[in-house]
Amino acid sequence: MELLKKARQSQWYGVALLLIVIALCWVVFKVLCQDAFGSPDQMLTYLQTGLIYAVGGCGLYFIVTMGLWDFSVGAVLVLSELIAIGCSQQFGIVGVVVGPILCGAVLGACNGLAYTKLRIPSLIVTVGLSLLYESFSVFASNWAGTRLADEYKLFGSYPWNLILALLAFALCTFLLRYTKLGTYANAIGANELTAKNMGVQIDKYKFIAFVLCSTFVGVMAVLYIGYGTSQTPMTGMQSQSLNFKPLMGAFFGLAFKKYGHPVAAIVLGEFLIAMMFAGFTALGMPITINNIVSGATLLLIVLMTTKRVKGAVVK
């Protein structure tokens, strides 16, 4: 018991716990599926999928750690992918990288301005803006088409996808650990009124968080379009379905941030989710099972990250 208590006090306890869960998950599905799951090549594929969503999860972490929501992520992702296709035709591989990242940053600035100036709850603002971004994606697809040329797909496979993802993770870690943004994001999330009384410019850092969130989604778009090679516009709020996998990663980061490694938790959490989805697919389960797993996992993570106060009114 004393050894376990000391282990829980270690900053690496959360990472170790996730690694143990991943190992147990692999063993269970490997026993059940054997040849259809868990080979080295398949594990690299699971990691590839996890990296894509982990980059988006890093962006969303800046938002959710402040107690905000961004439900425009899916629409930003789709529009950024289509911008990547168009920019690739004009500027080559540079356009594939720079175009969606700039698109994400601009859309994030729109989100931040709308939230800080209109004083409307972040969930409502971002859902409303997602409808606009979905409409813009139709115009973008008419401009450049919906398929990325084969010569520009290098970020859809190793090693370039890994290099780009690692750069994104390093940037996120640096911002959280060594800048005022990381400190103030935690302060605002813990108690916004206290942070404001201490002189923190709340609106400024919320605006920056929205910009960073969508910028990371722009990086995610580079990986996503390289892996999937094509993207069609999604209208009528269909893009909302793309919000939840990166959101789950962000909640993994929240759940384990007390151990000091939220980015590692995001990456391992997304890898775990990708592996679970692959395991259920290998078992022949319908896609609806993956939706059930997504919902149950999200609820479990929210349960872990929410401080429950006895007698409080739940809104």
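Annotation for Thr288 and Trp12: the two label points, set 7 Å from Cα along the Cα-Cβ direction, are 4.5 nm apart.
In this structure Trp69 has an accessible area near 90 Å², from a 1.4 Å probe over the protein heavy atoms. The convex hull defined by the C-alpha atoms of the chain has an orientation-averaged projected area of 18.3 nm².
Computed from point charges on the beta carbon alone (+1 for Lys and Arg, -1 for Asp and Glu), the dipole magnitude for the chain about its Cα centre is near 1320 Debye. Cα-Cα over 22 Å: which of Lys206/Lys257; Lys117/Lys258; Lys180/Lys206; Lys180/Lys258; Lys196/Lys245; Lys117/Lys204? Violating the 22 Å limit, Cα to Cα: Lys117/Lys258; Lys196/Lys245. Each label point was placed 7 Å from the Cα along the Cα-to-Cβ direction; for Gln201 and Arg177 their separation is 2.7 nm. Most tightly packed first, judged by the mean number of other beta-carbon atoms within 10 Å of their residues, the peptides 126-137, 220-231 read 220-231, 126-137. When the solvent-accessible area of region 238-279 is split by element, carbon and sulfur atoms take up 67 percent of it, the probe being 1.4 Å. In this structure the chain gives 49 Å² per residue of accessible area when probed at 1.4 Å with all protein chains present. Packing around the peptides 209-217, 170-178, 244-252, taken as the average count of other Cβ atoms within 10 Å per residue, puts them in this order, highest first: 209-217, 244-252, 170-178.
The values are calculated or read from the model by the stated rules, or taken from the named source; none is laboratory data. Source: prediction; values computed, not measured. All Cβ positions, even for glycine, are placed from backbone atoms using ideal geometry, and neighbour counts span all protein chains on display. Please note that ligands, DNA and RNA were not included when accessible areas were found on the heavy atoms of the full protein model with its side chains. Shrake-Rupley method; radii C 1.70, N 1.55, O 1.52, S 1.80 Å.
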